[in-house]
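Participant: Here it is: the structure, laid out below.
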Amino acid sequence: MTKLSERKQQLLHAQQKAEQLFREIETRSLIVPNKSEKILNDEVYELAFELFSIRKYWHKRIVRAGKNTLLPYKENPPDLIIQSDDILFFDFGPVFEEWEADFGRTYVLGNNLQKKKLKHDIESAWYEGKKYYDAHASELTGAQFYHHISSLAGQYGWEFGNIHCGHLIGNFPHEHILGDEEHNYLHPNNHIKLSELDIQGNPRDWILEIHFINKERTFGGFFEQLLSI
């Protein structure tokens, strides 16, 4: 196996720290009913400082519960109270020593079978998308990959919940360095091959986001992590 480049090692290490943070959220039983999204968000922020001494995030920190799980990143819905039979997800972009992570997971409180199915399906779909990417990365455009990923939602019995399914990740602040245009997203208008180098001549590393929703039942789920490593 070829040794990972230093860049990829740094991105992987950043994600591993994000994984550690999320494990600690569960260990400390922070996800409980009758707590607001904002309070839980603040608790995770303080936990990350306790564990890693970080205050820097490259995008807004998201905790969404109930009907708010239908909404993509750019929305800013009212704060909700977590219910005893709820579904919720996190989308956090912590920066560790100037390297960005972007990590998302879904949690189900109670025993609703459809919500549990969604949690299982989004993770399965993510790994299915990863397998497809690994097999076709040299030839895929962002648009082609988006259409493949969004089609998985229907195959699993859901709708896709966003206008893109991922984006570039890198050294902070990658958005200021590389821009926020559609060709830096796994977007239906991105017709550039994912394997092409960025404007600085570096390999482009990607995050894959799976956001499946059920509008009728007013809930969704989210799973996100490194795609290209």
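Bear in mind these aren't lab numbers, they're just calculated from the coordinates by the rules spelled out. Computed from a predicted structure; not experimentally measured. FYI the Cβ positions are ideal-geometry reconstructions off the backbone, even for glycines, and counts take in every protein chain you see.
Participant: Across bins of 10 angstrom width beginning at 0, how are the C-alpha pair distances of the stretch 1-77 distributed, in whole percent?
Facilitator: Calculated over all Cα pairs of the stretch 1-77, the distribution is 15, 41, 31, 11, 2 percent.
Participant: Just want the ordering: ILE192, ILE25, ILE149, from fewest to most Cβ atoms lying within 10 Å of their own Cβ. Walk me through the numbers before you get to the answer.
Facilitator: Details: ILE192 13, ILE25 20, ILE149 25.
Ascending number of Cβ neighbours within 10 Å: ILE192, ILE25, ILE149.
Participant: Collect residues whose amide H, placed 1.01 Å from N in the peptide plane, falls under 5 Å from the amide H of PHE96; neighbours closer than 5 in sequence don't count.
Facilitator: It is ALA101, by chain and number.
Participant: Of all the Cα-Cα pairs you can form in the stretch 50-166, what percent are over 18 Å apart?
Facilitator: Tail of P(r) above 18 Å: 61 percent of Cα pairs.
Participant: Using θ = phi - 60° and the Karplus relation 6.51 cos²θ - 1.76 cosθ + 1.60, list the HN-Hα couplings for the stretch 32-42 in order, rounded to whole Hz, with x at every Gly or Pro.
Facilitator: Residue by residue, the stretch 32-42 yields 9, x, 6, 10, 7, 4, 5, 4, 5, 4, 5 Hz.
Participant: Using a Gaussian network model of the chain whose springs link C-alpha atoms within less than 10 Å, name the residue from GLY110, GLY201, GLY93 with the highest mean-square fluctuation.
Facilitator: So, out of GLY110, GLY201, GLY93, the one fluctuating most is GLY201.
Participant: Let me ask something else about it. Quick check on the chain: helices-only [θ] at 222 nm, where DSSP H runs of length 4 and up contribute -39,500 (n - 2.57) each and the sum goes over total residues. Nearest 500, please.
Facilitator: -12000 deg cm²/dmol
Participant: Another question about this same structure. Plugging the Kirkwood radius over Cα pairs into Stokes-Einstein for the chain, at a temperature of 20 °C and a viscosity of 1.002 mPa s, what D comes out in µm²/s? Write out the running numbers ahead of the final one.
Facilitator: Working: Rh = 18.0 Å.
Rounded to a whole number, D works out at 119 µm²/s.
Participant: I want to verify a result. In a Gaussian network model of the chain, Cα cutoff 10 Å, which of these has the top mean-square fluctuation: VAL95, VAL44, VAL32?
Facilitator: Looking only at VAL95, VAL44, VAL32, the biggest GNM fluctuation is shown by VAL32.
Participant: Still on this structure, I have one more. Please rank THR69, THR27, fewest neighbouring Cβ atoms within 10 Å first, as an exposure proxy.
Facilitator: THR27, THR69
Participant: Can you work out the Karplus-derived ³J(HN,Hα) for every residue in the stretch 167-174? Use 6.51 cos²θ - 1.76 cosθ + 1.60 with θ = phi - 60°, whole Hz, and x for glycine or proline.
Facilitator: So the Karplus estimates, Gly and Pro as x, are 6, 5, 9, x, 7, 5, x, 4 Hz.
Participant: HN-Hα J couplings of the stretch 17-30 from phi, Karplus 6.51/-1.76/1.60, θ = phi - 60°, integer Hz, Gly and Pro as x?
Facilitator: 5, 5, 4, 4, 4, 5, 4, 5, 4, 6, 4, 8, 6, 6
Participant: Length gain on complete extension for the stretch SER36 to GLN200, per 0.36 nm per residue less the alpha carbon to alpha carbon distance?
Facilitator: Working: separation 164, 0.36 × 164 = 59.04 nm, distance 4.22 nm.
Extra length available between SER36 and GLN200 comes to 54.8 nm.
Participant: Another question, then. Once amide H atoms are built 1.01 Å from N in the peptide plane, which residues 5 or more positions from PHE219, or in another chain, come under 5 Å H to H?
Facilitator: Placed amide hydrogens put ASN214 under 5 Å from PHE219.
Participant: Moving on to the next point. How much space per residue, in cubic angstrom, does the convex hull of the C-alpha atoms of the stretch 147-218 take up? Numbers along the way, then the final one.
Facilitator: On the way: hull volume 7.1 nm³, N = 72.
Convex hull of Cα atoms, per residue: 98 Å³.
Participant: Which one of PRO188, PRO173, PRO33 has the biggest mean-square fluctuation once the chain is modelled by GNM with Cα springs under 10 Å?
Facilitator: PRO33
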